[in-house]
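Remarks on the structure that follows.
The values are calculated or read from the model by the stated rules, or taken from the named source; none is laboratory data. Everything quoted here is computed from the prediction, not taken from an experiment. All Cβ positions, glycine included, derive from the backbone under ideal geometry; neighbour counts span all protein chains shown. What goes into the accessible areas is simple: the full protein's heavy atoms, side chains included, and nothing from ligands, DNA or RNA. Shrake-Rupley method; radii C 1.70, N 1.55, O 1.52, S 1.80 Å.
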Amino acid sequence: MPLRRLYVLVLVAFAVIFTAASSWMAFSVTDRALEDELDDKLQVTAGVAAETGLDAENLLLLRPGDEGNLFWTEAHERLRSLVDRGYVDAAWIIRRQSPASPREGSVPGGQVTVDRLPSYTAIVSTESAASLPIIGTDVFIFSGYDLSGLWENGSATSTFFEGTDGRSYKYGFARLEESDEESDLALAVLMRADYLDPLARLRRSVLLASAITVVLSALVAIGLAARIAKPLERLSRVALRIQRGRITRSVEVEAGVEIGRLSRAMERMRLGIIQRDEQLRLMLAQVAHEIRNPLGGLKLFSAIAADSADPQERAQLFRKIQAEVDALNSIITDFLVYARPRAPQPTLHDIRGPLREAAELVATELESRGGSLEVDLPDAQLEVVADSGQVKRMVLNLLRNAAEAGDRVWLKGAFSNGEVIVSVRDNGPGVPESLRGRIFQPFVTSKERGAGLGLAIVAGVARAHDGRVELVSGDGAAGNGAEFRLYLPGSEVFPVARSEANGR
(Lines give C-alpha, C1' and ligand atoms only; values in the text may rest on other atoms or scores of the structure.)
Protein backbone atom coordinates (compact mmCIF):
# COMPACT_ATOMS: atom_id res chain seq x y z
CA MET A 1 0.00 0.00 0.00
CA PRO A 2 1.41 3.42 -0.90
CA LEU A 3 2.62 5.49 2.06
CA ARG A 4 0.22 8.33 1.29
CA ARG A 5 -2.84 6.05 1.29
CA LEU A 6 -1.66 4.23 4.40
CA TYR A 7 -1.07 7.51 6.21
CA VAL A 8 -4.57 8.76 5.35
CA LEU A 9 -6.15 5.42 6.29
CA VAL A 10 -4.41 5.28 9.68
CA LEU A 11 -5.23 8.88 10.59
CA VAL A 12 -8.87 8.59 9.51
CA ALA A 13 -9.26 5.27 11.34
CA PHE A 14 -7.79 6.81 14.45
CA ALA A 15 -10.16 9.79 14.17
CA VAL A 16 -13.17 7.48 13.72
CA ILE A 17 -12.24 5.25 16.65
CA PHE A 18 -11.34 8.15 18.92
CA THR A 19 -14.45 10.21 18.17
CA ALA A 20 -16.72 7.15 18.38
CA ALA A 21 -15.25 6.03 21.71
CA SER A 22 -15.22 9.51 23.24
CA SER A 23 -18.73 10.28 21.96
CA TRP A 24 -20.09 6.98 23.28
CA MET A 25 -18.49 7.56 26.67
CA ALA A 26 -19.76 11.13 26.87
CA PHE A 27 -23.25 10.11 25.77
CA SER A 28 -23.37 7.17 28.19
CA VAL A 29 -22.21 9.28 31.13
CA THR A 30 -24.68 12.04 30.28
CA ASP A 31 -27.55 9.59 29.77
CA ARG A 32 -26.85 7.86 33.05
CA ALA A 33 -26.49 11.13 34.94
CA LEU A 34 -29.76 12.53 33.55
CA GLU A 35 -31.62 9.29 34.23
CA ASP A 36 -30.35 9.29 37.81
CA GLU A 37 -31.45 12.89 38.16
CA LEU A 38 -34.94 12.03 36.86
CA ASP A 39 -35.15 9.07 39.26
CA ASP A 40 -34.20 11.34 42.15
CA LYS A 41 -36.79 13.87 41.04
CA LEU A 42 -39.50 11.20 40.77
CA GLN A 43 -38.72 9.75 44.17
CA VAL A 44 -38.50 13.15 45.86
CA THR A 45 -41.76 14.34 44.28
CA ALA A 46 -43.59 11.15 45.16
CA GLY A 47 -42.09 11.04 48.62
CA VAL A 48 -42.95 14.64 49.49
CA ALA A 49 -46.48 14.24 48.18
CA ALA A 50 -46.91 10.97 50.10
CA GLU A 51 -45.78 12.52 53.37
CA THR A 52 -47.99 15.63 53.17
CA GLY A 53 -51.81 15.61 52.91
CA LEU A 54 -52.36 11.87 52.37
CA ASP A 55 -53.86 9.93 55.27
CA ALA A 56 -53.08 6.26 54.74
CA GLU A 57 -55.29 5.06 57.59
CA ASN A 58 -58.41 6.75 56.20
CA LEU A 59 -57.59 5.79 52.62
CA LEU A 60 -57.41 2.16 53.64
CA LEU A 61 -61.03 2.43 54.83
CA LEU A 62 -62.31 3.44 51.35
CA ARG A 63 -64.40 0.87 49.54
CA PRO A 64 -65.95 0.81 46.06
CA GLY A 65 -68.65 3.49 45.93
CA ASP A 66 -66.84 5.87 48.34
CA GLU A 67 -65.63 7.99 45.45
CA GLY A 68 -66.59 11.55 46.34
CA ASN A 69 -66.50 11.33 50.16
CA LEU A 70 -64.32 13.71 52.15
CA PHE A 71 -61.17 11.57 52.39
CA TRP A 72 -61.33 10.53 48.76
CA THR A 73 -61.94 14.12 47.60
CA GLU A 74 -59.04 15.51 49.64
CA ALA A 75 -56.69 12.89 48.24
CA HIS A 76 -57.93 13.49 44.70
CA GLU A 77 -57.44 17.26 45.02
CA ARG A 78 -53.97 16.66 46.41
CA LEU A 79 -53.03 14.57 43.40
CA ARG A 80 -54.64 17.05 40.99
CA SER A 81 -52.53 19.84 42.46
CA LEU A 82 -49.39 17.88 41.52
CA VAL A 83 -50.60 17.69 37.94
CA ASP A 84 -51.90 21.27 37.77
CA ARG A 85 -48.59 22.66 39.03
CA GLY A 86 -46.70 20.71 36.40
CA TYR A 87 -44.84 18.52 38.84
CA VAL A 88 -46.13 15.30 37.28
CA ASP A 89 -48.29 14.24 34.34
CA ALA A 90 -50.52 11.85 36.27
CA ALA A 91 -50.81 10.36 39.75
CA TRP A 92 -52.43 7.36 41.48
CA ILE A 93 -52.83 5.98 44.93
CA ILE A 94 -52.66 2.21 44.59
CA ARG A 95 -53.09 -0.70 46.95
CA ARG A 96 -51.08 -3.90 46.90
CA GLN A 97 -53.10 -7.11 46.78
CA SER A 98 -51.97 -10.65 47.51
CA PRO A 99 -49.85 -12.35 44.79
CA ALA A 100 -51.96 -13.19 41.77
CA SER A 101 -52.10 -16.43 39.90
CA PRO A 102 -49.97 -16.57 36.76
CA ARG A 103 -51.50 -14.50 33.96
CA GLU A 104 -50.45 -12.34 31.05
CA GLY A 105 -50.94 -8.61 31.46
CA SER A 106 -50.46 -5.55 29.28
CA VAL A 107 -48.19 -2.69 30.37
CA PRO A 108 -46.98 0.37 28.45
CA GLY A 109 -44.04 -0.74 26.39
CA GLY A 110 -45.19 -4.27 25.51
CA GLN A 111 -46.66 -7.57 26.68
CA VAL A 112 -45.18 -9.16 29.81
CA THR A 113 -46.03 -12.25 31.80
CA VAL A 114 -46.93 -11.64 35.42
CA ASP A 115 -45.78 -14.70 37.32
CA ARG A 116 -46.93 -14.73 40.94
CA LEU A 117 -46.41 -10.94 41.28
CA PRO A 118 -48.68 -8.79 43.46
CA SER A 119 -51.64 -7.10 41.75
CA TYR A 120 -52.62 -3.52 42.40
CA THR A 121 -55.96 -1.79 42.72
CA ALA A 122 -56.63 1.89 42.42
CA ILE A 123 -57.85 4.06 45.29
CA VAL A 124 -57.51 7.56 43.80
CA SER A 125 -56.42 8.72 40.34
CA THR A 126 -56.00 11.96 38.41
CA GLU A 127 -57.34 10.36 35.25
CA SER A 128 -60.41 11.99 33.63
CA ALA A 129 -63.87 11.03 34.84
CA ALA A 130 -64.48 8.88 31.75
CA SER A 131 -61.50 6.66 32.54
CA LEU A 132 -61.60 7.12 36.31
CA PRO A 133 -61.09 3.69 37.91
CA ILE A 134 -63.53 2.57 40.55
CA ILE A 135 -62.06 1.95 43.97
CA GLY A 136 -60.79 -1.59 44.04
CA THR A 137 -60.42 -1.89 40.25
CA ASP A 138 -57.21 -3.67 39.10
CA VAL A 139 -54.56 -1.39 37.67
CA PHE A 140 -52.70 -3.66 35.28
CA ILE A 141 -50.19 -0.99 34.23
CA PHE A 142 -48.26 -1.51 37.48
CA SER A 143 -48.53 -5.26 37.70
CA GLY A 144 -45.85 -5.75 35.07
CA TYR A 145 -43.17 -3.93 37.09
CA ASP A 146 -41.06 -5.44 39.83
CA LEU A 147 -41.81 -3.07 42.73
CA SER A 148 -40.09 -5.11 45.42
CA GLY A 149 -37.82 -2.16 46.09
CA LEU A 150 -40.87 -0.01 46.81
CA TRP A 151 -42.07 -2.21 49.66
CA GLU A 152 -38.55 -2.85 50.99
CA ASN A 153 -37.01 0.63 50.71
CA GLY A 154 -40.07 2.87 50.51
CA SER A 155 -39.49 4.17 46.97
CA ALA A 156 -38.81 2.91 43.45
CA THR A 157 -38.85 3.91 39.79
CA SER A 158 -39.83 2.07 36.64
CA THR A 159 -38.01 1.70 33.37
CA PHE A 160 -38.65 4.00 30.42
CA PHE A 161 -41.59 3.37 28.15
CA GLU A 162 -43.10 5.18 25.20
CA GLY A 163 -46.57 6.64 25.59
CA THR A 164 -49.33 6.87 23.01
CA ASP A 165 -48.10 10.36 22.12
CA GLY A 166 -44.67 8.98 21.15
CA ARG A 167 -42.88 10.51 24.13
CA SER A 168 -40.87 8.73 26.79
CA TYR A 169 -42.26 8.42 30.33
CA LYS A 170 -41.27 6.93 33.64
CA TYR A 171 -43.13 6.05 36.87
CA GLY A 172 -42.07 6.94 40.37
CA PHE A 173 -43.42 5.27 43.52
CA ALA A 174 -43.47 6.19 47.21
CA ARG A 175 -44.96 4.09 50.02
CA LEU A 176 -47.60 5.69 52.25
CA GLU A 177 -46.93 5.32 55.95
CA GLU A 178 -49.50 4.56 58.62
CA SER A 179 -49.08 5.94 62.10
CA ASP A 180 -47.09 3.06 63.52
CA GLU A 181 -46.49 0.66 60.65
CA GLU A 182 -46.04 0.42 56.91
CA SER A 183 -49.17 0.12 54.79
CA ASP A 184 -49.95 -1.56 51.48
CA LEU A 185 -50.68 1.84 49.91
CA ALA A 186 -48.34 3.64 47.56
CA LEU A 187 -48.34 6.87 45.58
CA ALA A 188 -47.53 6.43 41.89
CA VAL A 189 -46.66 9.43 39.72
CA LEU A 190 -46.03 9.65 35.99
CA MET A 191 -43.40 12.04 34.68
CA ARG A 192 -42.31 12.75 31.14
CA ALA A 193 -38.60 12.09 30.43
CA ASP A 194 -38.03 15.47 28.81
CA TYR A 195 -34.28 15.15 28.95
CA LEU A 196 -34.38 12.42 26.31
CA ASP A 197 -35.28 14.98 23.64
CA PRO A 198 -32.19 17.13 24.16
CA LEU A 199 -30.22 13.91 24.58
CA ALA A 200 -31.42 12.82 21.15
CA ARG A 201 -30.41 16.21 19.80
CA LEU A 202 -27.05 15.73 21.52
CA ARG A 203 -26.72 12.34 19.81
CA ARG A 204 -27.40 13.91 16.44
CA SER A 205 -24.94 16.71 17.18
CA VAL A 206 -22.31 14.22 18.25
CA LEU A 207 -22.80 12.18 15.10
CA LEU A 208 -22.60 15.32 12.98
CA ALA A 209 -19.48 16.46 14.83
CA SER A 210 -17.96 13.00 14.38
CA ALA A 211 -18.66 13.08 10.66
CA ILE A 212 -17.14 16.55 10.40
CA THR A 213 -14.13 15.35 12.41
CA VAL A 214 -13.65 12.40 10.09
CA VAL A 215 -13.83 14.64 7.02
CA LEU A 216 -11.42 17.16 8.52
CA SER A 217 -9.10 14.34 9.58
CA ALA A 218 -9.14 12.98 6.05
CA LEU A 219 -8.31 16.42 4.65
CA VAL A 220 -5.56 16.96 7.20
CA ALA A 221 -4.20 13.47 6.55
CA ILE A 222 -4.16 14.09 2.81
CA GLY A 223 -2.33 17.37 3.35
CA LEU A 224 0.19 15.89 5.76
CA ALA A 225 0.67 12.83 3.58
CA ALA A 226 1.38 15.08 0.63
CA ARG A 227 3.94 17.00 2.67
CA ILE A 228 5.63 13.78 3.75
CA ALA A 229 5.07 11.39 0.87
CA LYS A 230 6.00 13.78 -1.95
CA PRO A 231 9.43 14.66 -0.51
CA LEU A 232 10.04 10.97 0.21
CA GLU A 233 9.10 10.12 -3.37
CA ARG A 234 11.52 12.76 -4.63
CA LEU A 235 14.28 11.44 -2.35
CA SER A 236 13.49 7.91 -3.52
CA ARG A 237 14.02 9.02 -7.13
CA VAL A 238 17.27 10.70 -6.07
CA ALA A 239 18.44 7.46 -4.44
CA LEU A 240 17.67 5.53 -7.63
CA ARG A 241 19.53 8.15 -9.66
CA ILE A 242 22.58 7.81 -7.41
CA GLN A 243 22.34 4.01 -7.57
CA ARG A 244 22.45 4.21 -11.36
CA GLY A 245 25.65 6.27 -11.21
CA ARG A 246 24.24 9.72 -12.03
CA ILE A 247 25.72 11.54 -9.04
CA THR A 248 26.76 14.89 -10.48
CA ARG A 249 23.44 16.56 -9.66
CA SER A 250 23.19 17.70 -6.03
CA VAL A 251 20.33 16.71 -3.72
CA GLU A 252 17.93 19.54 -3.04
CA VAL A 253 17.28 20.25 0.64
CA GLU A 254 13.67 19.46 1.52
CA ALA A 255 11.53 21.43 3.96
CA GLY A 256 10.84 20.09 7.43
CA VAL A 257 13.14 18.92 10.19
CA GLU A 258 13.27 15.16 9.62
CA ILE A 259 12.86 15.22 5.83
CA GLY A 260 15.37 18.07 5.62
CA ARG A 261 17.84 16.08 7.72
CA LEU A 262 17.34 13.08 5.46
CA SER A 263 17.93 15.13 2.30
CA ARG A 264 21.11 16.65 3.76
CA ALA A 265 22.31 13.18 4.74
CA MET A 266 21.71 11.98 1.18
CA GLU A 267 23.68 14.95 -0.14
CA ARG A 268 26.57 14.06 2.18
CA MET A 269 26.28 10.47 0.98
CA ARG A 270 26.45 11.66 -2.64
CA LEU A 271 29.54 13.74 -1.92
CA GLY A 272 31.08 10.80 -0.06
CA ILE A 273 30.49 8.53 -3.04
CA ILE A 274 32.06 11.11 -5.34
CA GLN A 275 35.04 11.40 -3.02
CA ARG A 276 35.34 7.65 -2.71
CA ASP A 277 35.20 7.21 -6.48
CA GLU A 278 37.78 9.93 -6.91
CA GLN A 279 40.06 8.24 -4.38
CA LEU A 280 39.51 4.92 -6.11
CA ARG A 281 40.44 6.36 -9.50
CA LEU A 282 43.44 8.10 -7.96
CA MET A 283 44.49 4.91 -6.19
CA LEU A 284 44.27 2.89 -9.39
CA ALA A 285 46.32 5.47 -11.24
CA GLN A 286 48.83 5.62 -8.37
CA VAL A 287 49.04 1.82 -8.22
CA ALA A 288 49.73 1.66 -11.94
CA HIS A 289 52.33 4.40 -11.66
CA GLU A 290 54.09 2.97 -8.59
CA ILE A 291 54.16 -0.56 -9.92
CA ARG A 292 55.39 0.53 -13.34
CA ASN A 293 58.67 1.94 -11.98
CA PRO A 294 59.83 -1.24 -10.20
CA LEU A 295 58.66 -3.32 -13.14
CA GLY A 296 60.72 -1.14 -15.47
CA GLY A 297 63.77 -1.61 -13.27
CA LEU A 298 63.15 -5.35 -13.07
CA LYS A 299 62.96 -5.59 -16.86
CA LEU A 300 66.13 -3.54 -17.35
CA PHE A 301 68.21 -5.33 -14.70
CA SER A 302 67.07 -8.80 -15.82
CA ALA A 303 67.98 -8.00 -19.45
CA ILE A 304 71.43 -6.78 -18.45
CA ALA A 305 71.95 -9.79 -16.20
CA ALA A 306 70.98 -12.11 -19.04
CA ASP A 307 73.66 -10.59 -21.30
CA SER A 308 76.37 -10.26 -18.64
CA ALA A 309 79.01 -12.96 -18.29
CA ASP A 310 80.67 -11.35 -15.25
CA PRO A 311 79.53 -13.22 -12.10
CA GLN A 312 80.20 -10.19 -9.90
CA GLU A 313 78.14 -7.89 -12.13
CA ARG A 314 75.32 -10.39 -12.29
CA ALA A 315 75.30 -10.73 -8.48
CA GLN A 316 75.07 -6.93 -8.20
CA LEU A 317 72.21 -6.87 -10.73
CA PHE A 318 70.38 -9.60 -8.82
CA ARG A 319 70.67 -7.53 -5.64
CA LYS A 320 69.12 -4.60 -7.50
CA ILE A 321 66.35 -6.87 -8.79
CA GLN A 322 65.73 -8.03 -5.22
CA ALA A 323 65.56 -4.39 -4.05
CA GLU A 324 63.01 -3.58 -6.75
CA VAL A 325 60.97 -6.64 -5.74
CA ASP A 326 61.10 -5.48 -2.11
CA ALA A 327 59.97 -2.00 -3.18
CA LEU A 328 57.16 -3.51 -5.24
CA ASN A 329 56.11 -5.69 -2.30
CA SER A 330 56.15 -2.66 0.02
CA ILE A 331 53.90 -0.70 -2.35
CA ILE A 332 51.44 -3.58 -2.61
CA THR A 333 51.46 -4.02 1.16
CA ASP A 334 50.69 -0.31 1.68
CA PHE A 335 47.80 -0.47 -0.73
CA LEU A 336 46.40 -3.60 0.90
CA VAL A 337 46.70 -2.12 4.40
CA TYR A 338 44.94 1.06 3.29
CA ALA A 339 42.22 -0.70 1.29
CA ARG A 340 41.56 -3.46 3.84
CA PRO A 341 42.54 -2.20 7.29
CA ARG A 342 42.73 -4.93 9.90
CA ALA A 343 40.61 -4.45 12.99
CA PRO A 344 42.85 -3.82 16.02
CA GLN A 345 43.23 -6.47 18.71
CA PRO A 346 43.89 -4.24 21.73
CA THR A 347 45.69 -5.54 24.77
CA LEU A 348 47.13 -3.82 27.83
CA HIS A 349 50.89 -3.50 27.30
CA ASP A 350 53.89 -1.26 27.78
CA ILE A 351 54.32 0.74 24.58
CA ARG A 352 58.06 1.13 25.09
CA GLY A 353 58.62 -2.35 23.66
CA PRO A 354 57.09 -1.69 20.20
CA LEU A 355 58.80 1.73 20.13
CA ARG A 356 62.26 0.23 20.68
CA GLU A 357 61.63 -2.51 18.08
CA ALA A 358 60.64 0.05 15.45
CA ALA A 359 63.60 2.25 16.39
CA GLU A 360 66.08 -0.64 16.00
CA LEU A 361 64.88 -1.32 12.42
CA VAL A 362 65.23 2.31 11.32
CA ALA A 363 68.44 2.95 13.30
CA THR A 364 70.25 0.31 11.25
CA GLU A 365 69.14 1.97 7.99
CA LEU A 366 70.19 5.42 9.22
CA GLU A 367 73.58 4.28 10.50
CA SER A 368 74.33 2.66 7.14
CA ARG A 369 73.90 6.15 5.61
CA GLY A 370 75.87 7.92 8.32
CA GLY A 371 72.82 9.16 10.20
CA SER A 372 71.61 8.62 13.75
CA LEU A 373 68.46 7.92 15.73
CA GLU A 374 68.10 9.12 19.31
CA VAL A 375 65.51 7.43 21.56
CA ASP A 376 64.20 9.14 24.69
CA LEU A 377 61.83 6.93 26.67
CA PRO A 378 60.98 7.26 30.39
CA ASP A 379 61.92 4.70 33.00
CA ALA A 380 58.27 4.37 34.03
CA GLN A 381 55.98 2.19 31.97
CA LEU A 382 53.88 3.75 29.18
CA GLU A 383 50.82 1.50 29.28
CA VAL A 384 48.10 1.66 26.67
CA VAL A 385 45.25 -0.60 25.60
CA ALA A 386 46.13 -1.02 21.92
CA ASP A 387 47.23 -3.48 19.26
CA SER A 388 50.97 -3.86 19.80
CA GLY A 389 51.69 -4.78 16.16
CA GLN A 390 49.72 -1.84 14.77
CA VAL A 391 51.39 0.58 17.20
CA LYS A 392 54.77 -0.66 15.96
CA ARG A 393 53.68 -0.18 12.33
CA MET A 394 52.48 3.40 12.97
CA VAL A 395 55.75 4.39 14.65
CA LEU A 396 57.78 2.56 12.00
CA ASN A 397 56.03 4.55 9.23
CA LEU A 398 56.71 7.82 11.05
CA LEU A 399 60.36 6.90 11.64
CA ARG A 400 60.94 5.87 8.03
CA ASN A 401 59.37 9.07 6.74
CA ALA A 402 61.66 11.02 9.08
CA ALA A 403 64.71 8.97 8.03
CA GLU A 404 63.95 9.68 4.35
CA ALA A 405 63.60 13.43 5.09
CA GLY A 406 66.79 13.91 7.16
CA ASP A 407 69.83 12.14 8.59
CA ARG A 408 69.02 12.77 12.26
CA VAL A 409 65.83 11.49 13.87
CA TRP A 410 64.55 11.82 17.43
CA LEU A 411 62.03 9.44 19.00
CA LYS A 412 60.46 10.41 22.31
CA GLY A 413 57.71 8.89 24.46
CA ALA A 414 55.92 10.49 27.40
CA PHE A 415 52.73 10.36 29.46
CA SER A 416 50.66 13.54 29.84
CA ASN A 417 47.05 14.29 30.78
CA GLY A 418 45.93 10.68 30.49
CA GLU A 419 47.54 10.18 27.06
CA VAL A 420 50.71 8.52 25.82
CA ILE A 421 52.45 10.86 23.38
CA VAL A 422 54.94 9.52 20.85
CA SER A 423 56.96 12.23 19.10
CA VAL A 424 59.03 11.67 15.93
CA ARG A 425 61.17 14.59 14.75
CA ASP A 426 63.77 14.96 11.97
CA ASN A 427 66.19 17.62 10.69
CA GLY A 428 64.94 17.51 7.11
CA PRO A 429 63.51 20.33 4.98
CA GLY A 430 60.09 20.10 6.62
CA VAL A 431 56.65 19.80 5.04
CA PRO A 432 55.84 22.26 2.25
CA GLU A 433 53.18 24.78 3.19
CA SER A 434 50.99 23.62 0.30
CA LEU A 435 50.81 20.12 1.74
CA ARG A 436 50.43 20.84 5.46
CA GLY A 437 46.61 20.80 5.38
CA ARG A 438 46.48 17.60 3.30
CA ILE A 439 49.43 15.65 4.61
CA PHE A 440 47.26 12.90 6.16
CA GLN A 441 45.15 12.39 3.06
CA PRO A 442 45.90 9.37 0.86
CA PHE A 443 48.20 9.77 -2.17
CA VAL A 444 49.54 13.11 -0.90
CA THR A 445 53.35 13.14 -0.82
CA SER A 446 56.29 15.38 -1.63
CA LYS A 447 58.60 12.44 -2.36
CA GLU A 448 59.48 11.32 -5.86
CA ARG A 449 58.81 7.72 -5.00
CA GLY A 450 56.10 6.26 -2.82
CA ALA A 451 52.32 6.00 -2.95
CA GLY A 452 51.70 8.62 -0.29
CA LEU A 453 49.81 6.21 1.93
CA GLY A 454 52.10 6.02 4.97
CA LEU A 455 50.65 8.96 6.91
CA ALA A 456 47.10 8.12 5.78
CA ILE A 457 47.55 4.62 7.22
CA VAL A 458 48.93 6.06 10.48
CA ALA A 459 45.95 8.43 10.79
CA GLY A 460 43.44 5.63 10.13
CA VAL A 461 45.02 3.23 12.63
CA ALA A 462 45.21 5.99 15.24
CA ARG A 463 41.50 6.72 14.85
CA ALA A 464 40.75 3.00 15.22
CA HIS A 465 42.50 3.19 18.62
CA ASP A 466 40.57 6.34 19.67
CA GLY A 467 43.76 8.32 19.20
CA ARG A 468 45.08 10.86 16.73
CA VAL A 469 48.20 11.99 14.91
CA GLU A 470 49.13 15.56 14.06
CA LEU A 471 51.90 17.66 12.54
CA VAL A 472 53.07 20.09 15.21
CA SER A 473 56.04 21.65 13.39
CA GLY A 474 57.86 21.45 10.15
CA ASP A 475 57.56 24.68 8.18
CA GLY A 476 59.23 23.98 4.88
CA ALA A 477 60.21 27.62 4.41
CA ALA A 478 62.08 27.65 7.73
CA GLY A 479 63.84 24.36 7.07
CA ASN A 480 63.56 23.25 10.69
CA GLY A 481 62.50 19.71 9.93
CA ALA A 482 59.16 18.14 10.79
CA GLU A 483 57.68 16.77 14.00
CA PHE A 484 54.76 14.37 14.16
CA ARG A 485 53.02 13.45 17.39
CA LEU A 486 50.98 10.33 17.93
CA TYR A 487 48.44 10.46 20.79
CA LEU A 488 47.07 7.23 22.26
CA PRO A 489 44.71 6.92 25.26
CA GLY A 490 46.62 5.85 28.33
CA SER A 491 45.50 2.96 30.50
CA GLU A 492 43.15 3.70 33.39
CA VAL A 493 45.33 1.43 35.54
CA PHE A 494 48.34 3.36 36.82
CA PRO A 495 51.34 1.21 37.69
CA VAL A 496 53.31 1.88 40.82
CA ALA A 497 56.37 2.90 38.83
CA ARG A 498 54.48 5.60 36.95
CA SER A 499 52.80 6.89 40.12
CA GLU A 500 56.14 7.16 41.88
CA ALA A 501 57.70 8.89 38.87
CA ASN A 502 54.86 11.41 38.70
CA GLY A 503 55.16 11.93 42.45
CA ARG A 504 58.82 12.80 42.13
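Below are the figures for this structure:
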{"read-out": "Rounded FRET efficiency, nearest 0.05, which uses the C-beta distance separating A209 from D55 and R0 of 51 Å", "value": "0.40"}
{"read-out": "Cα→Cβ-extended label distance, 7 Å offset, between E127 and D466, nm", "value": "9.6"}
{"read-out": "For the range 21-62: rounded, prolate or oblate by the Cα gyration tensor [a/c cutoff 1.5]", "value": "prolate"}
{"read-out": "Dimensionless Rg/Rh of the range 375-414 - Kirkwood Rh, Rg from C-alpha atoms", "value": "1.02"}
{"read-out": "Partners for K392 among lysines (Cα-Cα distance below 22 Å; same-chain residues under 8 apart left out)", "value": "K412"}
{"read-out": "In nm, spacing of pseudo-spin labels at Q322 and R201 (7 Å Cα→C-beta vector)", "value": "11.1"}
{"read-out": "Proximal charge balance of R246 [Cβ under 13 Å; K/R count +1, D/E count -1]", "value": "+4"}
{"read-out": "Inter-label distance for Q345 and R234, nm, one decimal - labels placed 7 Å from Cα along Cα-to-Cβ", "value": "5.2"}
{"read-out": "Contact order normalised by residue count of the range 291-337, Cα under 8 Å, 6+ apart, percent", "value": "46"}
{"read-out": "Accessible surface ranking that places the most exposed of V458, V12 first, with a 1.4 angstrom probe", "value": "V12, V458"}
{"read-out": "Residue-count net charge about L317 - beta-carbon cut-off 11 Å; Lys, Arg +1, Asp, Glu -1", "value": "-1"}
{"read-out": "Set of lysines near K41 by C-alpha distance (under 24 Å), chain-local residues within fewer than 8 positions excluded", "value": "K170"}
